[in-house]
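Participant: Structure in structure tokens, see below.
The values are calculated or read from the model by the stated rules, or taken from the named source; none is laboratory data. Values in this document were obtained by computation on a predicted structure and should not be read as measured data. Don't worry about glycine lacking a Cβ; one is built from the backbone with ideal geometry, like all the others, and counts go over all protein chains shown.
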Amino acid sequence: MTFNEWLLKQIEKSGLSYSELGRRSGYSHARISQVVNGDLASADFCIAISKALTISPITALQKAGFLTPLPDDNQKEDELTYLFRQMTDRDQQLMLAQFRAVVAEHKREQRGDLAAASQPT
């Protein structure tokens, strides 16, 4: 998938018009359309558009070929970090509590699976 195709997909997912995306990014809707239709994007364009779409700038720069892509796991961590930093302190605390609860449940499930596997049949 090219950067242009990826960008179009991200814009469609956001539900934003080119005009609204332009307003949020500082680029004209015409320039956005040009990039979607195959023009090369600058690094500054990638950063501005990604912020307007609330996507990690690192992801956009990787998709455009400015940075070497990371393994999928690292991309997920990068996106989580980027989104987390945009939250208020209160929301960050709520998300941390939810993550801790999910991890604790996962550990309980693993212990249950191990206990069941060690019982004679």
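Participant: How many residues, within the range 59-83, are of a type in the set (A, V, I, L, M, F, W, C) and under 18 Å from Lys13 (Cβ atoms)?
Facilitator: From the range 59-83, those of a type in the set (A, V, I, L, M, F, W, C) are 60-61, 64, 66-67, 70, 80, 83; that's our starting set.
Filter once more, so that each one left must be under 18 Å from Lys13 (Cβ atoms): 60, 64, 80, 83.
Result for the range 59-83: 4.
Participant: Of all residues in the range 1-46, how many are more than 15 Å from Gly65 (Cα to Cα), assigned to a helix (DSSP H, G or I) and aromatic (Phe, Trp, Tyr)?
Facilitator: 1
Participant: Working carefully through the options Arg31, Arg24, find the one that is modelled with pLDDT of 95 or more and over 21 Å from the mean Cα position of the chain (by Cα). Working first, answer last.
Facilitator: On the way: Arg24 fails: over 21 Å from the mean Cα position of the chain (by Cα).
None of the other options fit; the residue is Arg31.
Participant: Could you look through the range 38-87, keep only residues that are among the basic types (Lys, Arg) and at pLDDT 90 or above, and pick out the one that is farthest from Phe99 (Cα to Cα)?
Facilitator: Quick first cut of the range 38-87, residues among the basic types (Lys, Arg) only: 51, 63, 76, 85.
Still in the list and also at pLDDT 90 or above: 51, 63.
Values: Lys51: 25, Lys63: 28 Å.
In this case the residue turns out to be Lys63.
Participant: Shifting gears a bit: Out of everything in the range 47-88 that is touching a residue at least 24 places away in the same chain (Cβ under 8 Å), more than 11 Å from the chain's Cα centre (by Cα) and part of a helix (DSSP H, G or I), what residue ends up being nearest to Met1 (Cα to Cα)?
Facilitator: Lys63
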